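The structure appears below as structure tokens.
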Amino acid sequence: MSEVIERIEQTREALLSALASRDWDAVGELDLECRLCVDDVLAEALTNEDEVRASLEELLGVYRQLIEIASGERQSIVDEMTQIRQAENAAKVYHLFS
């Protein structure tokens, strides 16, 4: 395995770990590292096309998971904020009639 592909594999594993622990700061940093890795991998693609393709497909799978989980987290926050607003509105109505 080439050094470039090994680096992208390590970054992918670190990204999966950060995603599993919901460490969004680490996810952001690793996302930047993945972008750099992909640039390097594309240069490597001319000599190791099959290995590069497999590595990038695995990384794409991680990003699909990341998007799915982040979207779910975002929706949870939206739902929580909606409940807070509803509770605040209910409290205001209660205070009007008491």
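Measuring max minus min along each principal axis, the C-alpha atoms of region 3-72 give extents of 38, 18, 14 Å (largest first).
Relative to the longest principal axis of the Cα atoms of the chain, the long axis of helix 24-44 lies at roughly 30 degrees. Modelled spin labels at Ala91 and Glu13, positioned 7 Å past Cα toward Cβ, are 4.9 nm from each other. Couplings 3J(HN,Hα) for region 75-81, derived from phi with the Karplus relation 6.51 cos²θ - 1.76 cosθ + 1.60 (θ = phi - 60°), are 5, 4, 5, 4, 4, 5, 5 Hz, where x marks Gly and Pro. Computed from the C-beta positions of Asp39 and Ile84 and an R0 of 30 Å, the FRET efficiency is 0.10 to the nearest 0.05.
With helices as the sole contributors, the chain gives -32000 deg cm²/dmol at 222 nm; each DSSP H run of n ≥ 4 counts as -39500 (n - 2.57), and the sum is divided by every residue.
Of the chymotrypsin sites (Phe, Trp or Tyr not before Pro) found in the chain, those that fall in a DSSP loop while having at most 13 other beta-carbon atoms within 10 Å are Phe97. Helix 3-20 axis versus longest C-alpha principal axis of the chain: approximately 20°, rounded to the nearest ten.
Values in this text are rule-based calculations from the coordinates and carry no lab data. For clarity, every value in this text was computed on a predicted model and none was experimentally measured. Counting neighbours? That spans all protein chains shown, and the Cβs are built from the backbone with ideal geometry, glycine included.
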